[in-house]
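The values are calculated or read from the model by the stated rules, or taken from the named source; none is laboratory data. All of these numbers come straight from a predicted model, not from anything done at the bench. Glycine gets a Cβ as well: all are built from the backbone with ideal geometry, and neighbour counts include every protein chain shown.
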Amino acid sequence: MTEGQRIQAGRVHDVVDLTVTAGRMPDKSTGDLGADGYHRYKEDVELMSDAGLEAYRFSISWSRLIPRGRGPVNPKGLEYYNNLINELTRRGIQIHVTLYHLDFPQILEDEYHGWLSPRVVDDFTAFADACFREFGDRVRHWTTMDEPNVIAIAAYDSGAFPPCRCSAPYGMNCTTGDSTVEPYTVAHHSILAHAAAVRLYRDKYQATQGGVVGMNIYSFWNYPFSPTPADVAATQRSLDFMVGWILDPLVKGDYPEIMKKKAGSRIPSFTKEQSELIRGAIDFVGINHYTSVYVSDGKSGADASLRDYNADMSATFRMSRNDSGTGQFIPINMPNDPQGLQCMLQYLTDTYQNIPIYVQENGYGQFFIDSVNDHNRVEYLSGYIGSTLAALRNGANVKGYFVWSFLDVFEFMAGYYSRYGLHYVDFQDPELPRQPKLSAKWYSKFLKSEIGISIEKMVSPDTRSHAQQ
């Protein structure tokens, strides 16, 4: 959380606030202040400009802009986002805005259980309308949602993310929820809400504002653990469940056949009218990508009506060939695999009709390390940027790349223990001073073409076929 100031100037609680204030972070932090971008945006934008950043991506807090979830706009929230957008514009930095990043207004969650209800479609579309209306004269790149595939699983199957819903034998001892059905319901309403916002933008704003609207997903590349037909099939099944779950409806108008077969009546169906609404309702896809996994077939013995998302997918993930394997992806001790990003970019290009792609998050987290001499991050970024350039040269329709993150921030599920920033923030100092790490200096030189990245070793002649396994 870069913005901070979670309860200030008219902003009210969202579902994340009540989770982080309940002491769930490993360092017991709350994120109330974060990196305090709310007050320090001018300083931060100046740092971006000095570093040579061409674009910056941030999200708008629904409950800061529209505190009641629907209805009038909060003048103080409007003022803050206008100030930030104007400062970025003044510095010549292209603006990429994400409308929703886990922070659902608590008042609407209490009213109708948020993404579980179809009522969310109208409320989200009204929120998007306010953003397009107020900021669209300066913002050309809109992403409706961040990682709806992960939110559906982590918030409604495992219960790790707010609103922390799940059911036994799955999840983390939640007090309410249904892991067998709710992830599919939430993703369904997310897709419909996204498509409604896209239709609104195209009908009401696109002709005059000239912008584009996309959807973000979390992605990791999948390698077959072995060449057996079962593992190869499980690898493709994992891609269908993680990537196709969101992108197939938005490009093709329906869920992957394997998902409908595995989940049966537990996954909602699109009506003919809904299918027409969602098909093609995407101008680009944004991916958050950090690592790769090895996939093997994982048989599920549970009755079809009792399975959750992971049991339906029936795949076992390993971070290396020596791991014992887990039934679900757990992003801990993630291996450095730049080739996997190249494969993912090529897969998306080949599978989804040459769709434009932005790598919207890619970065290296250091846990419990406060050093500014982050050589490992430089190595990681050099590899993944090189992989992105290699994919572009091989024909992937890549439009942009963003490092996560420009500053150290409050990381959900890790608090201040995890540092992804190019710039060090001293969270123990009330002034929250920023200091460039080695990676910030390296990245700035790369952006200014003072240093280069060799991609010859990154280019794999069989990437295209490998990405289609």
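Quick look at the values:
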| item | result |
| --- | --- |
| Of residues in region 98-121 being free of Cβ contacts under 8 Å to residues at least 60 places away in the same chain and in a helix (DSSP H, G or I), the one surrounded by the most Cβ atoms within 10 Å (Cβ to Cβ) | 108 |
| Answer from 207, 233 - the residue that is in a helix (DSSP H, G or I) and either within 29 Å of residue 297 (Cα to Cα) or touching a residue at least 60 places away in the same chain (Cβ under 8 Å) (or both) | 233 |
| Some residue of region 266-273 being in contact with a Lys or Arg (Cβ under 6 Å, 6 or more places away or on another chain), surrounded by fewer than 21 Cβ atoms within 10 Å (Cβ to Cβ) and over 17 Å from residue 313 (Cα atoms) | no |
| Residue 260 being free of Cβ contacts under 8 Å to residues at least 12 places away in the same chain and not in a strand (DSSP E or B) | yes |
| Condition met for residue 222 (in contact with a Ser or Thr (Cβ under 8 Å, 6 or more places away or on another chain), under 30 Å from residue 140 (Cα atoms), buried (at least 18 other Cβ atoms within 10 Å of the Cβ) and among the polar types (S, T, N, Q)) | no |
| Options 99, 84, 108: the member that is more than 16 Å from residue 14 (Cβ to Cβ) and not β-branched (Val, Ile, Thr) | 84 |
| Filtered residues of region 237-257 (kept if of a type in the set (Gly, Ala, Ser) and part of a helix (DSSP H, G or I)) | 238, 244 |
| The listed residue being part of a strand (DSSP E or B), under 19 Å from the mean Cα position of the chain (by Cα) and farther than 23 Å from residue 16 by Cβ, out of 198, 213 | 213 |
| Any hit, region 158-166, residues being farther than 23 Å from residue 195 by Cβ, among the basic types (Lys, Arg) and either surrounded by fewer than 24 Cβ atoms within 10 Å (Cβ to Cβ) or within 19 Å of the chain's Cα centre (by Cα) (or both) | no |
| Residue 225 vs. criteria of a type outside the set (Lys, Arg) and farther than 16 Å from residue 189 by Cα | yes |
| Filter result for the condition that a residue is under 26 Å from residue 426 (Cα atoms), at pLDDT below 95 and within 20 Å of the chain's Cα centre (by Cα), over 23, 31 | 31 |
| Residue in region 406-424 that is of a type in the set (D, E, K, R) and at pLDDT 90 or above present | no |
| In region 79-97, the residues that are surrounded by 16 or more Cβ atoms within 10 Å (Cβ to Cβ) and under 27 Å from residue 285 (Cα atoms) | 81, 84, 85, 87, 88, 93, 95, 96, 97 |
| Number of the exception - residue 300 against (1) among the polar types (S, T, N, Q); (2) at pLDDT below 95; (3) within 19 Å of residue 247 (Cβ to Cβ) | (3) |
| Residue pairs meeting the criteria (Cβ under 6 Å; at least 6 apart or on separate chains; first among the aliphatic types (A, V, I, L, M), in region 135-161; second surrounded by 21 or more Cβ atoms within 10 Å (Cβ to Cβ) and in a loop (DSSP other than H, G, I, E, B)) | 154/161; 155/161 |
| Some residue of region 132-151 being in contact with an Asp or Glu (Cβ under 9 Å, 6 or more places away or on another chain), surrounded by fewer than 24 Cβ atoms within 10 Å (Cβ to Cβ), among the aliphatic types (A, V, I, L, M) and modelled with pLDDT of 95 or more | no |
| Only one of 173, 222, 149, 216 that is at positive phi and not basic (Lys, Arg) | 173 |
| Selected residue [farther than 15 Å from residue 348 by Cα, surrounded by fewer than 23 Cβ atoms within 10 Å (Cβ to Cβ), at pLDDT 95 or above and among the charged types (D, E, K, R)] from 231, 312, 308, 283 | 231 |
